[in-house]
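In what follows, a structure is listed as structure tokens, so that the remarks can point back to it.
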Amino acid sequence: MGRRQNDSDFGRFTLLILFFIGTISCSMIYLFITMVFMPNISPMSFSTSMQEFEYENGVSFYNEEEEGSQCCRGVEKLELWGDAVKWGAEFKVNSSEDCCVACKKMCRGDGGPCLCNSWVFCGDREACGSRFGECWLKRQQDALNPERRDSGDRVMWTSGFVFDKGEGIVGLETDYGILRIKLLPDCAPQSVAYILELLALPHCIGCQIHRAESRGSFWNSEGNHIKKAPFGPPFALIQGTLASHGSIFKDIPKEHCPKIRRGSVAWVGSGPEFFISMANHKEWKDSYTVFGYVISKDIEILEKIAQLPTKSEVWNNIHVSVLENPILLRFRRMSTKS
């Protein structure tokens, strides 16, 4: 038997309508963020495709306390080799995060080398058997070229990297200067592992910057948004690709996604398209995997690139500024003393 709609029914229908409106709104925001970065794929396309800062002597460093325990991750199905500074047979922990934290505690925090710069954990109870929970703390001779013993589906280990403040810095060389990038292996280990692969190559053919947009009048010199100003275009970013010709790129899964800050280096989607932000984009929330940040002294290079001649293009109904002459990129080893 049917029932007459009463006030309670009406209220439920109203809530249902509001729910659908909210869902559609969230979808539109996601679609907008995606369109900001993704060009239409065509033969003319260049490609088919922070976290808070602390300042010390003019150099910015990642504030690990801000992100807390979220930033202690590893790569599953990977076994790193290296000299053991603590034997796993005598040291067992409950999780890969605990193993990572134990390694990080062996960093002095004064910019010098960490006593432990890599760790290996056995977390598959069935595969590990009596070795379950073993945490091997290791010291790589070359932190930017870790020694790998094995990887793949049959590997039962999870491994990670740890860099102290003065370590884990790579240079992204351009014709306008070298961008020193502090990598964040404890937050985005798979992303950093890929960057270290590029660093080991003699050349990064195909790696380039093809889009450059200034802060305009929407963000101040510190990257803070001007009240009541639009959020773009321009979007205050440098965009390019880190796909090296001759190498097979595998999509990188989403990793740690803090708010985008001035200097953040992040993937567009699963890569290899990437961008470097020149502003604090709180409006993008946690949409992108951040795997590094540009040291504060080198932000001026980004500002210089953002002023280069561009041509206007439309990507998915969004007006973007594409460089008339793309900038080739080359990775090289760097340090804060360089």
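The values are calculated or read from the model by the stated rules, or taken from the named source; none is laboratory data. Since we're looking at a predicted model, the values are computed, not measured. Here the Cβ is made from the backbone with ideal geometry for all residues, glycine too, and neighbour counts use every protein chain on show. With ligands, DNA and RNA removed, areas are computed over all heavy atoms of the protein, side chains included. Shrake-Rupley method; radii C 1.70, N 1.55, O 1.52, S 1.80 Å.
5 Å is the cut-off here: which amide hydrogens, built 1.01 Å from N in the peptide plane, fall below it relative to R211, excluding neighbours closer than 5 in sequence?
HN-HN under 5 Å from R211: Q239, L323.
For segment 78-161, what relative contact order do you get, as a whole percent, if you take Cα pairs closer than 8 Å and at least 6 residues apart?
45 percent
Past the 20 Å Cα-Cα mark, which pairs from K165/K285; K182/K259; K105/K138; K105/K165; K182/K297; K182/K227?
K165/K285; K182/K227
Which trypsin sites (Lys or Arg not before Pro) from segment 119-168 combine a DSSP loop assignment with at most 13 other Cβ atoms within 10 Å?
R154
How long are the three semi-axes of the equivalent ellipsoid of segment 169-333, in whole Å, if each is the root of 5 times an eigenvalue of the C-alpha gyration tensor, listed from largest down?
Value: 24, 18, 15 Å, ordered largest first.
Hey, can you grab everything whose amide H is under 5 Å from the amide H of K86? Only 5+ residues off in sequence or another chain; H modelled, so Pro and N-termini drop out.
Amide H neighbours of K86, under 5 Å, 5+ apart: L137.
Considering only protein heavy atoms and a 1.4 Å probe, what is the carbon-and-sulfur percentage of the accessible area of segment 169-333?
On segment 169-333, the fraction of accessible area on carbon and sulfur atoms equals 49 percent.
Would you mind counting up the charge near T289? Only other residues with Cβ under 9 Å from its Cβ, with Lys and Arg at +1 and Asp and Glu at -1.
0
Between F231 and H319, what FRET efficiency comes out of the Förster formula 1/(1 + (r/R0)^6) with R0 = 22 Å and r the beta carbon distance, rounded to 0.05?
The pair H319/F231 has a calculated efficiency of 0.95.
Residue by residue through segment 83-93, what is 3J(HN,Hα) from phi via Karplus (6.51 cos²θ - 1.76 cosθ + 1.60, θ = phi - 60°)? Round to whole Hz and write x for glycine and proline.
6, 7, 9, 8, 7, x, 5, 10, 9, 10, 10
So for segment 222-338, averaging the separation of alpha carbon pairs under 8 Å that are six or more residues apart and normalising by length, what relative contact order in percent results?
The value is 23 percent.
Apply the Karplus curve 6.51 cos²θ - 1.76 cosθ + 1.60, θ = phi - 60°, to the phi angles in segment 215-227 and return the couplings in whole Hz, x for Gly and Pro.
For segment 215-227, the Karplus-derived couplings read 6, x, 10, 9, 10, 7, 5, 8, x, 7, 6, 7, 4 Hz, x marking Gly and Pro.
Testing the spin-label approximation: label points 7 Å from Cα along Cα→Cβ at K297 and S247. State their distance in nm.
Output for this residue pair reads 2.7 nm.
Any idea of the accessible area per residue across segment 169-333, 1.4 Å probe, to the nearest Å²?
40 Å²
Starting at the first residue of segment 76-81, write each ³J(HN,Hα) from the Karplus equation 6.51 cos²θ - 1.76 cosθ + 1.60 with θ = phi - 60°, in whole Hz, x for Gly and Pro.
Computed from phi, the couplings for segment 76-81 are 6, 6, 9, 10, 8, 9 Hz.
Averaging over every viewing direction, what projected area does the convex hull of the Cα atoms of segment 78-161 cover, in nm²?
Answer in nm², one decimal: 5.2.
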